[in-house]
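To keep things clear, I will list the structure first and then write my remarks on it.
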Amino acid sequence: MDVTRTVGLDRNDAIAAAKSIYSLVLLLLLWEFVAQYDMVHSYFLPPLSDVLATFYELTADGTMLEHAYLTFRRAMAGLLLACLLGIVVGVLAARNRIVGWFWDPIIEVGYPVPVIALVPVFMFWFGTGDLPKIMLVAVGCFWPVAINARNATREVDENLVWSARMMGTSDRRLLRRVVVPAAAPGIISGVQIALPIALIVTFVFEMVAGGGGLGHLEIQGVRSFESAQVYASLIAIMIVGFTLDRGLRYLRGRLLAWT
Amino acid sequence: MNRTQAHRQHPPNAKSTHETMVDGHVTITELEKVYESGDERTTAIEDFSVTVPSGEFLGVVGPSGCGKSTLLYLVAGFLEQTTGTIAVDGDPIDGPGTDRGVVFQDYALFPWRTVMGNVTYGLEEKGVGKEERRATAQRFIDMMDLDGFEDKYPKELSGGMKQRVALARTLAYDPKILLMDEPFGALDQPLRESLQDHLIDIWRDLEKTVIFITHDVEEAVYLSERVLIMTRHPGTKKTTVGIDLDRTQPREELVLSDEYTATKNDVWQSLREETTPGGER
Ligand SMILES: Nc1ncnc2c1ncn2[C@@H]1O[C@H](COP(=O)(O)OP(=O)(O)OP(=O)(O)O)[C@@H](O)[C@H]1O
Ligand SMILES: [Mg+2]
């Protein structure tokens, strides 16, 4: 009985999923149609089928995976670094007067800076390798992670802190035992906001500085007039972004089952 | 209810219990609390002294905003007084301590911990081993009729259940003194009555000192051995009224008795003077 129910559910889920992407399918069909009938010059918009064929070729010979891996690695390394620093700074800025005094103005000023503007500066200082890319991703992701961690920590219900203290939690253990768990939903939201920033910074830096990666692959397509490659790279970065976003959501669900 | 009635037929004599117990008494001397925010100063408590003997159940009533919560949080050690002293068993308190347990009006459960996780928290902090922790917690979970809900998170519980978890959590680490801030204020009548009777059982069985804040005169008189009435803002002690009721009778008879009605009226009159504008002070 359970089995039939599960199967039934799965089918409903599949139908629901298909329904939820109707609009996407429609747009893709429109793309194919417009391109096939030459309503737009095929150099600007090659037919979807051509793009998919190129995508398949690049994937089959390993090129796509190699570039996707470079982009993925840089974005993740930077994001991870930003999380480590941003969570520590954000939580402490909310709980400690001196840390707050030092970091609050920096966070306020740093948050709205368009980090892409620093690409040339980082190239100037650190060259075009992995290091400047990872570092700039970390800089870009630090702000949303830190600001969300700080705000979430500020909003932790004082009664929870008091509850823990009356039950014998020392000031030193308070952060780990109560403050961070209580602020976790907000902290994780900050990481979710930072994820697309990590991808944008990596992608743009690769376009400008090269050194492989999906951004590099795309700009190469433009330079060699291979417009199918441009769109194939675009599809690849979308897949990477979508997968990572889903992964984070899954992680959130696992970590925050109690919300 | 049955449990309560059973106890009421063999009541331990409350007065003698106090004398045999050596710890858990609270002495408040000339307490004053001034809140300062910017250059605004609000005196919440002034000239407040009272002694709560070990094992006493003290009810505190007073008009809204008179400083009841402030008083309780001062005793808990969450707030710092401006002047005066608060001593537990003769030692002035220094911040929160495991000798005092607060039950908050809004429960203040840890939402990321299950019912079991909440109730074992204080025992973990004490360094109690896992097996013993669970056994002790289970005892209080059962006492609060929460068995079967051990693995639920607070968001999955009703208000009344949350309040019972909060009570179990505080009882589990065994503070001598229970400080309760309108704990049943948000609950409906039947649930409130059942928890009140639970609390009386616990107070008797576990020999706790209880300071119980409420704005409900009936609740104060029904539960307490003594009721402290506070003046309106800034709060001081107006008077205390001893409650001398024949507690061998079940609730439904007790609340109809003449003593109960008369005492309730006394407290009510006294409180009313504070809540009526222009009333005598
Ligand atoms: N953090 C604070 N800063 C400044 N003033 C405060 C603060 N907390 C309470 N007060 C003031 O102190 C007084 C007493 O407040 P308190 O919350 O102790 O009253 P209460 O008797 O518990 O009221 P209620 O019955 O409505 O819960 C009030 O006048 C209130 O405005
Ligand atoms: Mg209050």
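Summary of values
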read-out	value
Candidate residues A:176, B:100: accessible-area rank, largest first, probe 1.4 Å	A:176, B:100
Charge dipole magnitude, Cβ of K and R +1, D and E -1 - the protein assembly as shown, Cα centre, debye nearest 20	1240 debye
Full-extension gain in nm, residue A:12 to residue A:109, via 0.36 nm per residue minus C-alpha separation	30.1 nm
Farthest positive-ward along region A:56-255 dipole, Cα basis, beta-carbon charges - from A:80, A:216, A:90	A:90
Averaged over B:171-181, number of beta-carbon atoms from partner chains that fall within 10 Å	1
Accessible surface buried once B binds A (1.4 Å probe; total of both sides; Å²)	2000 Å²
Percentage relative contact order, region A:56-255, counting C-alpha pairs under 8 Å, at least six apart	27 percent
Normalised contact order of chain B, rounded percent, pairs of Cα under 8 Å and 6 or more residues apart	26 percent
Label-point separation in nm, residue B:91 to residue B:142, each point 7 Å along Cα→Cβ	3.4 nm
The protein assembly as shown shape via C-alpha gyration tensor axes, a/c threshold 1.5	prolate
Accessible surface ranking that places the most exposed of A:216, B:215 first, with a 1.4 angstrom probe	B:215, A:216
Farthest positive-ward along chain B dipole, Cα basis, beta-carbon charges - from B:234, B:209, B:149	B:149
Region B:24-169, dipole about Cα centre (Lys/Arg Cβ +1, Asp/Glu Cβ -1), debye to the nearest 20	660 debye
Whole-angstrom gap from region B:43-112 to region B:238-269, using each part's C-alpha centre	25 Å
Number of partner chain Cβ atoms within 10 Å, mean per residue of A:165-174	6
Fully extended contour minus Cα-Cα distance, from residue B:246 to residue B:218, at 0.36 nm per residue	8.5 nm
Region B:13-114: relative contact order as a whole-number percent, Cα under 8 Å and 6+ apart	30 percent
Order of exposure, largest accessible area first, which applies to B:153, B:121, B:35 with probe 1.4 Å	B:35, B:153, B:121
For residues of B:196-204, the mean tally of beta carbons on other chains within 10 Å	0
Kirkwood Rh in Å, taken over all unlike Cα pairs in region A:36-189	18.9 Å
Sum of side-chain charges, residue B:50 neighbourhood, beta-carbon under 10 Å (Lys, Arg +1; Asp, Glu -1)	+2
Per-pair calculated FRET efficiency, R0 = 25 Å: residue A:84 and residue A:259 via Cβ, rounded to 0.05	0.60
Unsatisfied cross-links (Cα-Cα over 31 Å) in the set B:155/B:176; B:126/B:152; B:162/B:238; B:33/B:155; B:130/B:155; B:126/B:162	B:162/B:238; B:33/B:155
Of the DSSP H helices in chain A, those whose Cα atoms cover at least 30 Å axially and whose Kyte score averages 0.0 or more	A:63-95, A:130-154, A:180-209, A:227-255
Beta bridges per DSSP with both ends in chain B, % antiparallel, nearest 5	55 percent
Chain A: C-alpha gyration tensor shape, a/c 1.5 cut-off, then a/b vs b/c	oblate
Spatially proximal aspartates and glutamates relative to residue B:208 (Cα-Cα < 17 Å; intrachain offsets below 8 disregarded)	B:19, B:23, B:56, B:89, B:99, B:174, B:181, B:197, B:225
Among A:120, A:168, A:145 - extreme Cα towards positive end, dipole of region A:81-200, charges at beta-carbon	A:168
Chain A - charge dipole about Cα centre, Lys and Arg +1 at Cβ, Asp and Glu -1, debye rounded to 20	1380 debye
Calculated FRET value between residue A:155 and residue A:53, using beta carbons and R₀ = 51 Å, to 0.05	0.50
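The values are calculated or read from the model by the stated rules, or taken from the named source; none is laboratory data. Only a predicted model underlies this, so the values are computations on that prediction, with no experimental measurement involved. Virtual Cβ from ideal backbone geometry, glycine too; neighbours counted across all protein chains shown. Side chains included, ligands, DNA and RNA excluded: accessible areas come from the protein's heavy atoms. Shrake-Rupley method; radii C 1.70, N 1.55, O 1.52, S 1.80 Å.
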